[in-house]
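S.K.: Take a look at the following structure, please.
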Amino acid sequence: MGPRADLPGAPGRAGDDTPATLVVLAGTSPTPALLAALTFAPRRLVLVHSSDTARRAARIADAARRLCPAVEVARRFDVGGDVFDFHAVAARFAALDADLRGDWRLCYTGGSKVMSAHAVLAHAERFPGRHRWRSYLDATSETLRFTDGSRHGAGIDSSALTAAELGRLHGVELRPGDRAGAQEAWLRGDDVATTLTTGDTAEARVLALFRRRLARVPGAEVLGNRVMPDPRSPRESIGDFDLIVRYRHRVLCVEVKRDPSHIPDAAGWTLTKAQRAFGGAARVLFVHEGAKGDCSLEQIAAYDPELSGAPLHVRSFTELSSRDFGSARRLVESLFPAAPPPPAASGTAPAPAAPETGGPTAAPPEPPHAPAPDAGGAGGPCPAGPDGGAAPLLLTGLGGNRLPVLAAARAFLPGRAVMLFTRQSEKELSALDSSVRRALLAGEEPEEFQRLNRRRLAQRLRRDGYPDRVKFAEAAVDAADVADAAARARAKIDLYRTPGAPVVADITTGTKAMSTGLALAAHERAGCVVYISPLTRRVSCRTHGPVGHHPPAAVEWRHLLRGYRFLGGPLSEAVDPGIAAHQIDAPLIDAAAEQVRALAAPTEVAAWVDETAVAGAAPLPQYSAPQRPTVVLTAADRALGLSAPRRTRLRHFTARDRHVEQDTGAGGWAHDVFAAAALLNVRCGTAGLTLALHRPGEGDPARALELIDWFSWWRADGGAGGADGSAPPAELITGHEDTRRPRVVSADPGTAAFRTALQDHLSALRLAPSQEAAP
């Protein structure tokens, strides 16, 4: 793409010379793409998507046509199946650019990191200086931010949205539930005493409270009982919500419980169905009829440690009716913490839009410069290639998953690695510092690394100057500010770059804005911008294309798998016999672990066990143990989670500190293994896969497979599994969302079917010996 003159387009709602065409990158979360279309209201909308997200992009296009009259044309553009290869993405973008011809605005919130980095760099080359034509939706402040650090002062336009539209956008057609009519009748004062239970009346009282508080708040919507149709049988329900409260584009799903002791056991499933219906921004409020403090977030986290920090609220009805929530502003600020508050006086006109603001006030960042068209390290080989030359200066960001950072250290063996971090990842720095040093030594002197014990290894690292090779930014960067990340990265390049040393920016991890800022800085300083596939270990460079595969990185799994401890023997001997043994099938997990070790040989396999499931663990978290992988097997830089929830298990109710044995059914089993896979995905990304182990005869797994697919969007976008729907071929494991889908192994231990199923999944993770060197 060559540079173009800055020809102004027709003025639009964005408040500046706005092109008539908006190009939006669409990813796994459809809401940001739709909000960009509603806010900028272009005449022509182009949704750029991967093959995996084609149906989601179609839903976005349909919604934009319905909700935004200004959109005359809404079309989709498929960049193909490999959205982690810069050259493949660049070829498709070149075709799109030739088709667009005129000026166009870019919103790059969605899509893969490779799609976003290439799109921003290409747009900056073609439209230098047009920072306000390149935007990113900052979910924490609900603003659109531009590549020079300024913000769209008018905010996000969500005025056309409804809860039903948001559900439809996520493939869920909400409909009124059986209790909705009776709730509305109660609100009208009709005599419904004979048709409403005490629980129904409690729901109606909460509905009345929200309707009264938010009656005059612009952008607020309060709905009664709604159900999500079963994808197999639309007339049936897969789950329901007692109430739904929407404020702007954010949704609060409300569950009313008369008995607060039932809340901890219901919290995980309720959050899962809320986020499936409305996306990751959905929150859950539990309202109970007990006293304040009868249930709390601390109690929920004690029951399920993985829900600590989850978007959950718990209030008693008395508390919700008190002065603390006596106004619409207090209600919104408490239950929608990221959203801008409503006007001070209900029904008044909103305040005028704030002027455009820049980046951090302490040190306004230098706006990213437009890169030269031939910048990007084209004058030499890629540092990751076989002829990479001098050890490079590596820049990377930190996200929730540490594995990509270690992979980058192993792939490039940099002379110095510099990492940007956010406030959320700041607590990880100490452990990561040590891990990166170890990964460097293991890559440079593998035999010496294996020979040294932990104490001598630390001495060797200090003696050879490895601490000086790992550096961090002085302070956390703004996770959503591209200009801030770019300015800090440029400063680090200028500080640490030595003559002859190439610059590499690895964009595999960190926030989208952080990765984009790194890409801009490296490109401006004639460096390489790379992405490393955690699954295939392939290195893709924007300038040089695919440049090979790196060997496995050395991983300190004891640091990465928080909440797990090394398992030196069979799980059956370590599991708590009182509670955990009733929740999980330990013998089935032991059989799978033994078979995996045999199949992976001679690769060394280590086992790690969930600390809440072992003998002597606190009783309460053991009840939620099925929602976490009980055992994680690690080999090199790969992780295989093993989950085997029992269909009949114990459920705990805190009111009388008692538990009962219940059959959780296919739905409960499917949610347990989905939650386990989601946990491992957060820790390991596409380098981790979770197996859901099932004994034939203990219920038909077909229904559970349908629900797992629905939870993980697998069939929502046209994916196709293997012959039994449980094991897609290895090459179809394409990204983050796919590894959130647990693979079901339904076979008896010791059978050929059991061995074959495990072999297939090891191959998908590149753990089978024959696949270690496979592309």
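S.K.: Would you tally the net charge around F336, using a Cβ to Cβ cut-off of less than 12 Å, leaving F336 out, and scoring K and R as +1, D and E as -1?
M.R.: Details: positive: R246, R248, R250, R283, R329, R330; negative: E142, E333.
Combined, the nearby Lys, Arg, Asp and Glu give +4.
S.K.: As I understand it, the dipole of the chain uses +1 on the Cβ of Lys and Arg and -1 on the Cβ of Asp and Glu, about the Cα centre. Which of A692, V530, Q299 lies farthest toward its positive end?
M.R.: The listed residue farthest towards the positive side: V530.
S.K.: Then there is this: Take every Cα pair under 8 Å in the range 393-549 that's 6+ residues apart, average their separations, divide by the length, and report that relative contact order as a whole percent. Don't skip to the answer; put the middle values down first.
M.R.: Details: 271 pairs, mean separation 43.9, N = 157.
Relative contact order of the range 393-549: 28 percent.
S.K.: Run the numbers on the chain and let me know its relative contact order in percent, using alpha-carbon pairs under 8 Å that are six or more apart.
M.R.: So the answer I get is 10 percent.
S.K.: For the range 84-159 and the range 269-339, what is the centre-to-centre distance using only Cα atoms, to the nearest Å?
M.R.: 35 Å
S.K.: By DSSP, what percent of the beta bridges with both residues in the chain are antiparallel, rounded to the nearest 5?
M.R.: Expressed as a percentage, antiparallel bridges in the chain total about 50.
S.K.: Below 8 Å between Cα atoms, with a sequence gap of 6+, how large is the relative contact order for the range 471-567 in percent?
M.R.: Reported as a whole number, the value is 20 percent.
S.K.: Which log10 I(q)/I(0) values, to two decimals, does the chain give at q = 0.07, 0.08, 0.10, 0.12 Å⁻¹ under the Debye formula with one point per Cα?
M.R.: Evaluating at q = 0.07, 0.08, 0.10, 0.12 Å⁻¹ gives log10 I(q)/I(0) of -0.52, -0.69, -1.11, -1.54.
S.K.: More than 16 Å apart: what percent of Cα pairs in the range 422-541 qualify?
M.R.: For the range 422-541, the share of Cα pairs beyond 16 Å comes to 68 percent.
S.K.: Could you list the trypsin sites (Lys or Arg not before Pro) in the range 60-131 that lie in coil according to DSSP, counting only those with at most 11 other Cβ atoms within 10 Å of their Cβ?
M.R.: Passing sites in the range 60-131 are R101.
S.K.: What Kirkwood radius, in Å to one decimal, follows from the Cα pairs of the range 28-96?
M.R.: 12.4 Å
S.K.: Another question, if that's okay. Among the listed pairs K113/K257; K113/K273; K492/K512, which are separated by more than 30 Å between their Cα atoms? All intermediate terms of the calculation are to be shown ahead of the outcome.
M.R.: Numbers: K113/K257 42 Å; K113/K273 27 Å; K492/K512 20 Å.
Listed pairs above 30 Å: K113/K257.
S.K.: Name the longest site-free stretch of the chain, where the excluded sites are GluC sites (Glu not before Pro) in a DSSP loop with no more than 16 other beta-carbon atoms within 10 Å.
M.R.: Details: sites that count: E72, E173, E236, E356, E474, E556, E604, E698, E772.
Answer - 237-355.
S.K.: Compute log10 of I(q)/I(0) for the range 195-308 with the Debye formula, placing one identical point scatterer on every Cα and leaving out solvent, at q = 0.13, 0.14, 0.15, 0.24 Å⁻¹, to two decimals.
M.R.: Evaluating at q = 0.13, 0.14, 0.15, 0.24 Å⁻¹ gives log10 I(q)/I(0) of -0.54, -0.63, -0.72, -1.44.
S.K.: Given C-alpha coordinates of the range 415-466, what is the ratio Rg to Rh with the Kirkwood estimate of Rh?
M.R.: Reported Rg/Rh, Kirkwood definition of Rh: 1.03.
S.K.: Residues with beta-carbon under 11 Å from that of D468, excluding D468: net charge, scoring Lys, Arg +1 and Asp, Glu -1?
M.R.: +4
S.K.: If you don't mind, another one. What is the log10 of I(q)/I(0) for the range 21-146, computed with the Debye formula using one identical point scatterer on each Cα and no solvent, at q = 0.16, 0.17 Å⁻¹?
M.R.: The Cα Debye sum returns log10 ratios of -0.70, -0.80.
S.K.: Report, in debye and to the nearest 20, how large the dipole of the chain comes out about its Cα centre when Lys and Arg carry +1 and Asp and Glu carry -1 on their Cβ.
M.R.: So the dipole magnitude of the chain works out to roughly 1160 debye.
Read-outs throughout are calculated quantities, based only on the coordinates presented, and are distinct from any laboratory measurement. No experiment lies behind these values; they were computed from the predicted model shown. Methodologically, a virtual Cβ is constructed for each residue, glycine included, from the backbone with ideal geometry; neighbour enumeration extends over all protein chains shown.
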